[in-house]
Amino acid sequence: MSLSELSQIPGVSGDEQAVRAFIAAAIREHVDRMWADSMGNLFAIKGEHLPGPRVMLCAHMDEVGLIVNHIGDDGTLGFAAVGGIDPRVLPGVWVQVGPDRIPGVIGTKPPHLKSSSEREKPIEMDSLYIDIGADSADEAKQRVHLGAYASFWTDFETFGDGCAKGKAFDDRVGCHVLIETLRQPVRHPVLAAFTVQEELGLRGAQVAAYTLKPDAALVLEGTTCADLPSVDGHGQSTRLGGGPALTVADRSAIAHPGLLRTLINAAESAGTPYQLKRTTFGGTDAGAIQTSEVGIPVAVVSVPCRYIHSPVSMLQLNDVQAAIQLVRAFLQAIPTEGDPPWMR
Amino acid sequence: MDALICALSNRLAPVGQEFALRDEIASLVQPYVDELRTDALGNLIALRRGKNSAQRLMLSAHMDEVGVMVTHIDDDGFIRFEPLGGIQPQTLLGQRLRFPNGLVGSVGVERLDQIKDLEMRRLYLDIGARDGDEARAKVRVGDTACFDQTAVVSGRRVIGKAMDNRAGCAVLIEALRRVSEPACDVYAVFSAQEEVGARGAGTAAYAVEPTMAVAIDVTPCGDTPKGETLAVRMGAGAAIKIKDRSLLAHPVVKDHLTRLADAASIPYQYEVLPYGGTDAGTIHLSRTGVPTGVISIPCRYLHTPSEMVDLDDLEAAVRLTIKLMETQLPTA
């Protein structure tokens, strides 16, 4: 399944080319035309000349990760975060550095060498380094250059009752849902955008929306899920296994009420489970798309993912299937003539 | 004017759910405009044609007000929420909140050891439901609620839950009513989603492509006991904005407004705000840039259920807006 392969490709924000190449190969024979822009966004058009509203489906290719900003005399690599990463999840993590996927482990001073005050403080990014097994700066520089990206190195595996773990489900799961959607026939124009640099501030989506000028846009995401016993009900943004989550509002956008209603109606008529996201933190490409030019109706469909922005996130495969079904039901609910349902 | 502003303030227009107010404003301005339309963000865009159709003046007053959005309903029927727009937890303590369908609840708080432990996530809304099923039958995750407070006139001042920015809406509506013939095409935009980052005004500006733009919005005052150090005083007239965090007012617009006020003996003051933003912040960056300024209405107790404005300040703002409409635009 393509989610397994997709999640394992390194694609830190700004370094999405390997993800783009994989997606391009996966959709080539299913779309009318396809191109990439100067930022690295991948566009694919299907049913361009069909009647009816032009619907943009958007998923971002990039993932949070690290970038090498220092090579120490001892051959260790200093780094900065690319996108939102909590340094506390990093020590001991296996990473792949640069285009040659040089393996490395994230190291930190062991506890017995830390002063008591150091042990009490949370770990800071500055105190961590990547160890690629080089003994000197010269040796390290032969394998890695400054500015190289490092991504988590986590195998995709299924476990438990229909669960899967892997890295970068935010937002390779959205890419997967979009790829699966493009493999099906369409009834009106579908404009796919696989965007770059979402984790750095929705940058790719801003130019993608300007390029496509759609009549409406659906953003496909992997979103937070904190359905844990230690979290009060009102802090749990989504529930694993509860079906795809629809966003009413987050920091970046308020879903178009008509488009949200259309999605809910589509889910209910198709008998697809769904849930409404229960927090307003975070943002998605919808924020950049909604305010493009004269404004675009937007909504967000997310697969709940536990532990996002960490080396291992976790999802429920039933939620992924339900998200694909929901997008299909939504597209089928749009008539090819007359006003689209969200404008009524 | 006081009746208009009270009626507008009493309407509920949570961020992103401005429909009922939009319909009311549409019916109010319809006799005075040549075209009316809405867009994907929820803006109401009205065109009043003027002598020179080659130029477009955009005037923007946002319709939305701060509120909360339901995020969770527990099995006992208590509702948790998160803010939509800049609303403080201490402001919500003991308040009543109202949903657009008329449902009202009171805000309660978990037991706090000390008041500094107060956080938004420790507040809840109690709509009087006996259990979760009753609450869930009335409210859904994603529903929005605002302060429940009826506007009153006290002396020459009006107190209400949504002077920000029904004061601006009232000024723009009244100016459309009283203007004789605009010098150029006037686009009166009643914008959506200002309180979450002036999102509506940006897309409206792209559509209108104005020659010049002026936002009409409220601004905080510095004239209350041991309050902030701000030059703006309530009752000292309309305020012409110099800057806030979202905008440096275009000097040509600022000077134009100043000359109009001087020539017509309209009381005004300058406003320098170290924080905050208005629709002007997104409008002036639209397309290749738009010379933009702001006519501000002094307002005390912003983002509380008891925002206060002065009727004489409102009249000054109306007269300045009418002069702006009736005068040829300066070259920026």
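The values are calculated or read from the model by the stated rules, or taken from the named source; none is laboratory data. Please read all numbers here as calculations on a predicted model, not as lab measurements. Here the Cβ is made from the backbone with ideal geometry for all residues, glycine too, and neighbour counts use every protein chain on show. Accessible surface is based on the protein model in full, side chains and every heavy atom, while ligands, DNA and RNA are left aside. Shrake-Rupley method; radii C 1.70, N 1.55, O 1.52, S 1.80 Å.
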- Just from the alpha-carbon atoms, what are the Rg and Dmax of the protein assembly as shown in angstroms? 26.9, 82
- Item | Kirkwood Rh, angstrom, the stretch A:103-190 [1 / mean 1/r, Cα pairs] | 17.8
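What's the long-distance tail for the stretch B:146-279, i.e. % of Cα pairs beyond 17 Å? Walk me through the numbers on the way to the answer.
Details: 6049 of 8911 pairs.
It works out to 68 percent of all Cα pairs.
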- Item | Residues in the stretch A:62-103 that a label on A:Glu139 would reach, taking backbone N under 12 Å of a point 7 Å out along Cα→Cβ | A:74-76
- Message: Which one, B:Leu247, B:Thr144, B:Asn165, is farthest towards the positive end of the dipole of the stretch B:135-258 when Lys and Arg carry +1 and Asp and Glu -1 on their Cβ?
- Response: B:Thr144
- Query: Rg(Cα) of the stretch B:106-212 divided by 2.2 N^0.38 Å?
  - Reply: 1.59
- Please report, to two decimal places, log10 I(q)/I(0) for the stretch B:72-146 at q = 0.17, 0.23, 0.27 Å⁻¹ as given by the Debye formula with identical point scatterers on the Cα atoms and no solvent. -0.61, -1.08, -1.40
- What figure in square angstrom, to the nearest 10, would you give for the accessible area of B:Phe78 with a 1.4 Å probe? 60
- Item | Reciprocal mean inverse distance between Cα atoms of the stretch A:193-278 - Kirkwood radius, Å | 14.7
- Distance histogram in 10 Å bins (all Cα pairs of the stretch B:1-125, percent per bin): 10, 33, 26, 17, 9, 3, 0
- Query: What is the stretch A:228-344 by shape, rounded, prolate or oblate, if you read a ≥ b ≥ c off the alpha carbon gyration tensor as root eigenvalues and call it rounded for a/c under 1.5, prolate for a/b larger than b/c, and oblate otherwise?
  - Reply: oblate
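Report, in listed order, any pair from A:Lys167/A:Lys277; B:Lys116/B:Lys226; A:Lys141/A:Lys167; A:Lys165/A:Lys213; A:Lys114/A:Lys141; B:Lys138/B:Lys241 with a Cα-Cα distance greater than 32 Å. Provide the component values of the computation, followed by the final result.
Details: A:Lys167/A:Lys277 22 Å; B:Lys116/B:Lys226 21 Å; A:Lys141/A:Lys167 27 Å; A:Lys165/A:Lys213 36 Å; A:Lys114/A:Lys141 29 Å; B:Lys138/B:Lys241 43 Å.
The answer is A:Lys165/A:Lys213; B:Lys138/B:Lys241.
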- Please report, in cubic angstrom per residue, the volume enclosed by the convex hull of the alpha-carbon atoms of the stretch A:143-255. 198
- So what are the ³J(HN,Hα) numbers for the stretch A:114-129, from phi and the Karplus equation (6.51, -1.76, 1.60; θ = phi - 60°), rounded to whole Hz, Gly and Pro as x? 8, 6, 4, 5, 5, 5, 7, 8, x, 5, 9, 3, 5, 8, 9, 8
- Query: Restricting to the protein assembly as shown, what percent of DSSP beta bridges are antiparallel, rounded to 5?
  - Reply: 60
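Averaged across the residues of B:80-86, what count of C-beta atoms belonging to other chains lies within 10 Å of each residue's C-beta?
Working: counts 6, 2, 7, 1, 4, 0, 0.
Averaged over the peptide's residues, the number is 3.
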- Can you tell me the 0 to 90 degree angle between the C-alpha axis of helix A:203-212 and the longest principal axis of chain A, rounded to 10? 20
- So what's the convex hull volume per residue for the Cα atoms of the stretch A:1-43, in Å³? 64
- Note on the structure: Sorted by chain and then number, the residues having a modelled amide H within less than 5 Å of the amide H of B:Tyr270, at least 5 places away or on another chain, are B:Ile240
- Got a sec to turn the phi values of the stretch B:148-164 into Karplus ³J(HN,Hα) couplings, 6.51 cos²θ - 1.76 cosθ + 1.60 with θ = phi - 60°, whole Hz, x for Gly and Pro? 10, 8, 8, 6, 9, 9, 10, x, 8, 10, 10, 10, x, 7, 9, 4, 8
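Cα convex hull of chain B: mean projected area in nm², to one decimal? Don't skip to the answer; put the middle values down first.
Details: hull surface 67.2 nm².
Mean shadow area of the hull around the Cα atoms is 16.8 nm².
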- Note, ³J(HN,Hα) from phi for the stretch A:259-274, Karplus 6.51, -1.76, 1.60, rounded to Hz, x at Gly and Pro: 5, 4, 4, 4, 5, 5, 4, 5, 5, 5, 5, 8, x, 8, x, 7
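Order of B:46-53, A:281-288, A:336-343 by packing, highest average Cβ count within 10 Å first? List each step's numbers first, then the result.
Numbers: B:46-53: 16.6, A:281-288: 23.8, A:336-343: 13.9.
In decreasing order of mean packing, B:46-53, A:281-288, A:336-343 become A:281-288, B:46-53, A:336-343.
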- Query: By how many degrees, 0 to 90 and rounded to 10, does the Cα axis of helix A:317-332 deviate from the longest principal axis of chain A?
  - Reply: 30
- Message: Can you give the log10 of the normalised intensity I(q)/I(0) at q = 0.08, 0.14 Å⁻¹, computed with Debye over equal Cα scatterers of chain A?
- Response: -0.39, -1.08
